[in-house]
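Here's the structure we're looking at; comments come further down.
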Amino acid sequence: MTADTLNISKHKIRRAFDRAADSYDDAAVLQKEVCSRLLERLDYVRLEPQMILDLGVGTGEAITPLMQRYNKASIVALDLSEQMLHKAKAHGRLFRKPELVCADLEALPFADNSFDLVFSSLALQWCNNLGETMKGLLRVLKPGGLLMFATFGPDTLKELKASWQNIDDTVHVNPFVDMHDVGDEMLNSGFADPVIEAEVITVTYDHVDRLMQDLRDIGANVKSEGFRSGLTTPAMMRQLSDAYETYRVDGDLPASYEVVYGHAWKAQAVDDSKSNSVQVDVSLPGQHTEL
């Protein structure tokens with residue numbers, strides 16, 4: 001599955017996340033955990049950034065930790081949703097607040113060589129063209145700057161996808177880009193030394209209705225154009241519930257998320273003697289972390 005198979009309306013994304021701004025933090029258990037794990041990955045890189053871009057900032061989960069880690073850095077928080085940015089504005093200190101920018105991450109409104117670090121937790125899955133987005137991220141990074149991100153892989157919500165497939169032939173869950181394709185897009189865009197890792201995190205529910213509500217509460221119920229639209233009827237929900245029951249284990253229904261972590265650098269100078277390669281670390285089959 002490649003990135004250019006998506007055609008998600010940015011208007012619908014903005015509207016969904018605007019509506020979810022008040023409910024997001026209570027429902028975003030998985031998103032907060034991924035953000036925490038992505039922040040921990042900064043422990044292993046040597047970087048003293050002056051300018052940081054928090055790409056797809058949401059309600060601002062990463063702002064305070066980034067400020068604490070890099071106490072001399074300025075942070076620009078970008079999101080497509082104005083309501084999410086209003087929530088993000090509450091983070092930081094009285095005399096050290098992030099600069100808020102409402103914009104599309106596929107059309108970055110920044111000058112070349114603006115940032116030392118681009119940090120993005122679970123936003124890139126909303127790109128319609130990941131390759132062009134990567135080129136934009138490379139453009140706004142300074143030479144020697146770092147891109148650090150997390151996004152979703154194709155096994156995300158695999159139980160929900162399979163349960164819907166028992167009901168009809170339409171696509172109810174957006175596809176996600178394979179980690180190897182993410183690595184290829186990073187290389188093709190000109191990033192140096194990309195590293196890609198993946199893990200499966202499992203969130204458990206007592207009923208599929210709770211999962212569907214959580215997806216609405218975080219604004220993640222926007223589908224690509226051409227996929228099924230319209231209301232899900234009570235009869236369809238009963239069928240979905242029956243199909244999902246086959247996955248119940250020890251009284252709980254699992255919802256799997258394949259989380260893809262990546263980082264790469266903007267080279268200081270082109271080194272033609274260095275071969276392009278991408279390092280890939282995949283969790284072994286059956287390995288997962290439960291929340």
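The values are calculated or read from the model by the stated rules, or taken from the named source; none is laboratory data. Given the structure is predicted, the values throughout are model-derived calculations rather than measurements. Please note: Cβ atoms are built from the backbone with ideal geometry, for glycine as well, and neighbour counts cover all protein chains shown. The protein model used for the area step is the full one, side chains on, heavy atoms only, and it has no ligands, DNA or RNA in it. Shrake-Rupley method; radii C 1.70, N 1.55, O 1.52, S 1.80 Å.
In segment 28-166, with Lys and Arg counted as +1 and Asp and Glu as -1 at Cβ, which of these residues, Leu85, Asn166, Ala107, has the Cα nearest the positive end of the dipole, that is, farthest along it?
Working it through, the farthest residue towards the positive pole turns out to be Leu85.
Regarding segment 60-185, what are the three Cα extents along the principal axes, ordered largest first, in Å?
Each principal axis gives a Cα extent; for segment 60-185 these are 55, 31, 24 Å.
Please build a GNM for the chain, connecting alpha carbons under 10 Å apart, and tell me which residue among Gly219, Gly251, Gly56 fluctuates the most.
Answer for the Gaussian network model of the chain: Gly251.
Enter the per residue convex hull volume of the chain, computed from alpha-carbon coordinates, in Å³ rounded to the nearest integer.
131 Å³
Between segment 12-52 and segment 76-145, how many Å separate their Cα centres?
Distance between centres, Cα-based: 12 Å.
Compare Tyr261, Tyr44, Tyr24 in a GNM of the chain, Cα atoms joined below 10 Å, and give the one with the largest fluctuation.
Sorting by GNM fluctuation, first place goes to Tyr44.
Check cross-link reach from Lys142 to the aspartates and glutamates: straight Cα distance under 14 Å, and skip same-chain residues fewer than eight apart.
Output for Lys142: Glu48, Asp112, Asp116.
How would Asp168, Asp250, Asp22, Asp54 line up by accessible area, probe 1.4 Å, largest first?
From most accessible down to least: Asp250, Asp22, Asp168, Asp54.
Once you keep just the Cα pairs under 8 angstrom separated by 6 or more residues, what percentage relative contact order results for the chain?
24 percent
Counting C-alpha atoms alone, how compact is segment 1-104: give Rg to one decimal and Dmax as a whole number, in angstrom.
14.6, 45
Round to the nearest 10 and report in Å² the accessible area of Ser74, as given by a 1.4 Å probe over the protein chains' heavy atoms.
Surface open to solvent at Ser74 totals about 60 Å².
List, in the order given, every pair from Lys10/Lys87; Lys32/Lys89; Lys72/Lys266; Lys32/Lys97; Lys89/Lys266; Lys32/Lys135 whose Cα-Cα distance in the structure shown is over 24 Å.
Over 24 Å apart, Cα to Cα: Lys89/Lys266; Lys32/Lys135.
How high is the FRET efficiency between Phe95 and Arg37 when r is their beta carbon distance and R₀ equals 35 Å, given to the nearest 0.05?
Efficiency, rounded to the nearest 0.05: 0.70.
Where Rh denotes the Kirkwood radius from the mean inverse Cα pair distance, what is Rg over Rh for segment 91-136?
That ratio equals 1.01.
Report the label-to-label distance for Tyr44 and Ser9 in nanometres (one decimal), using points 7 Å from each Cα along the Cα→Cβ vector.
4.1 nm
If the only charges are +1 at each Lys and Arg Cβ and -1 at each Asp and Glu Cβ, what is the size of the charge dipole of segment 53-123 around the Cα centre, to the nearest 20 debye?
Charge dipole of segment 53-123: 520 debye, to the nearest 20.
Only four residue types carry charge here, +1 at the Cβ of Lys and Arg and -1 at the Cβ of Asp and Glu. Report the dipole size of segment 36-187 about the Cα centre in Debye, rounded to the nearest 20.
The calculated dipole for segment 36-187 is roughly 900 debye.
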